[in-house]
Structure formats: C-alpha cells, structure tokens
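The values are calculated or read from the model by the stated rules, or taken from the named source; none is laboratory data. Since this is a predicted model, take the numbers as computed values, not measurements. Virtual Cβ from ideal backbone geometry, glycine too; neighbours counted across all protein chains shown.
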Amino acid sequence: MARETNDMKNARGEPRAFCHWCGREDSNFHGISPTATSTLRVYQFRHDRGNKPAAAAYQIPHGIASRTQATMLVFHAMKPVEWRISAEPVGYTDAVAEMERRVAAIRAGELPELVWLLEHPALYTAGTSARPEDLIEPARLPVHVTGRGGQYTYHGPGQRIAYVMLDLKARGADLRAYVGRLEAWLIATLANFGVCGERREDRIGVWIASAASGSASEAKIGAIGVRVRCWVSYHGISLNVAPDLDHYRGIVSCGIRDHGVTSLADLGIETTMEEVDRCLRDSFEAIF
C-alpha cells in the first residue's frame, strides 16, 4: 500500500486533489478487483504527484454541499454517449486505430464519448501481461499484440465486443469504480437472460458457477480488458454469446488454467446479437 507523505496533504491534513496529468501518457488496467485499492493508490500518486494543485479547478461552487454533488452535476451536464454498432466483423488493427482516434477527439473535446459494439474475425490478442507459454497453438489463428491490460484472449464471430471510450476524469476519476461498473454491466446484461454472472476475488472476468459444457468447474463468460490514456478509457468488455469455444484451446485464456469458458449458447440460451445489444444498452444506462 502506498504511504501518504506530507506533500500529499493540504493544511487541514486532508489528501490533496491534483488535477494535472504527469508521468507516463497512459496506463493499462485489466479487471482490477474491487478490493485492489493499493494498486490504484500507487497508480494515482505516481501519475498525479509533482504538479501544483490548481485549486480553482477543484473549488466547489456556492450552494453545492460536496464534491460528490459537484461531480453528479458534471455527469448531468455531459453530452449523451454515442452508440455505434458495426454490422460486419472489424479487423483488430483497424479497431485499435479507430479507438486511438476517438480517444484523442474525446480528450480534445471534439467528439462525445462512445460505446462501440462489434465482432472481430477469429483471432487471439496478447495483452501487456501475456506469457509466451500461454500461446499453446501459435499457428491456429492470427495473434495481435495489443496495449490493453491482461494476457491472451480470443475474439471471433459470435462474441459481442463493447469498446468503451469514456472521459473518466469527468466521471469522478476513479478507475476502481469504473472497472467495477464494467463488471456490473456484464452481470446485469446476463440477468436479462436468466443467467447469474458472478465476480471472483482471485481472478478477473465474469463467471458462471455451473457451466453447461460437461465440466463441474465454473467457467468465464465475460472478459474485461482496459486501457486508459489521460483519463479517457478504451478497449472494454467481451461477452460470449455463441462463439466457437473450441478456439480457446489454442491459448490459456487470461492466464487461467483451472477454469474453462462458456457462452450463452453453451448454456442452452438461444438469442440474437440484436437482443444482446438491446440489453447491453439498457443495462449501461442504468449503471453508468
């Protein structure tokens, strides 16, 4: 856990609120546990220390009782989030380039936040923590090295990807809360189909306690992989609707060897991607 020093506190002994960005340009987060406060505290101090606090930017206007209330007013003043659905599979390199452009435009205030729903052609991605030994069948599918947090994962037809580009600074600048909302979003979406998705303290993603694929072991149905640049998020979540689960044999998915993967189809639930998209949007608006 990071140790608070005197330069992190104001004259009243309260933690300072630093509003300038410094240090590295961006950072990666992959399924931060709701209890992983020490990791985030180190992150926040490492990247925010060293700049003089701009007090005026953090003053609470007259008549507002708290910074929480001030933050909620910012939420209400924000432009509506744009939603985009791609009808055809999008190449991974093209998707990352588009996210990079959108993140820059959001930072510049030129475009609103975006949730982008899509599918990829069958491929593997290697996050910033990927281990070579976890790529079991290198020749099976194309492998893309990516800047999101996490390890190896599979993307392909039948899996709904939601790339989420939000201004986290305007939404409270709380990375742990953001990842918790991504988890809650997946869980709430699954509930629309009568599926009980669950968190786990010792591993990331959203899990089904009793999978239908013949194994007594619980299985992952939703994954989270996040990158943040100057407080604007990108990458996001994936939900297994009806993908070819056999492709997961080519990797150790997310570095987890002891548990499997499942999907709505594997659980015996027949649905359409359009219905999944509707549930994702309804759940998003309730949680974010």
When you scan the range 212-219, do you find a residue that is at pLDDT below 90, farther than 13 Å from Arg160 by Cα and in contact with an Asp or Glu (Cβ under 6 Å, 6 or more places away or on another chain), even just one? yes
Exactly one of these conditions fails for Ala223: (1) surrounded by fewer than 24 Cβ atoms within 10 Å (Cβ to Cβ); (2) on the phi < 0 side of the Ramachandran plot. Give me its number. (1)
Where in the range 72-184 are the strands (runs of 3 or more DSSP E), entirely inside, with at least 1 residues that are surrounded by fewer than 14 Cβ atoms within 10 Å (Cβ to Cβ)? 82-85, 143-145
Can you tell me which residue in the range 124-164 is modelled with the highest pLDDT, limited to those that are closer than 26 Å to Arg229 by Cα and of a type in the set (D, E, K, R)? Arg160
Evaluate the following for Ile237: is it buried (at least 19 other Cβ atoms within 10 Å of the Cβ), in contact with a strand residue (DSSP E or B) (Cβ under 6 Å, 6 or more places away or on another chain), under 18 Å from His144 (Cβ atoms) and modelled with pLDDT under 95? no
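Out of the residues in the range 240-281 meeting the condition of being assigned to a helix (DSSP H, G or I) and free of Cβ contacts under 8 Å to residues at least 60 places away in the same chain, tell me which one is surrounded by the most Cβ atoms within 10 Å (Cβ to Cβ). Show your work before the answer.
First, the residues of the range 240-281 that are assigned to a helix (DSSP H, G or I): 245-250, 253-255, 273-281.
Imposing the further condition that a residue be free of Cβ contacts under 8 Å to residues at least 60 places away in the same chain reduces the set to 245-246, 274-275, 278.
On the way: Leu245: 20, Asp246: 9, Glu274: 9, Glu275: 13, Arg278: 13.
By that ranking, first place goes to Leu245.
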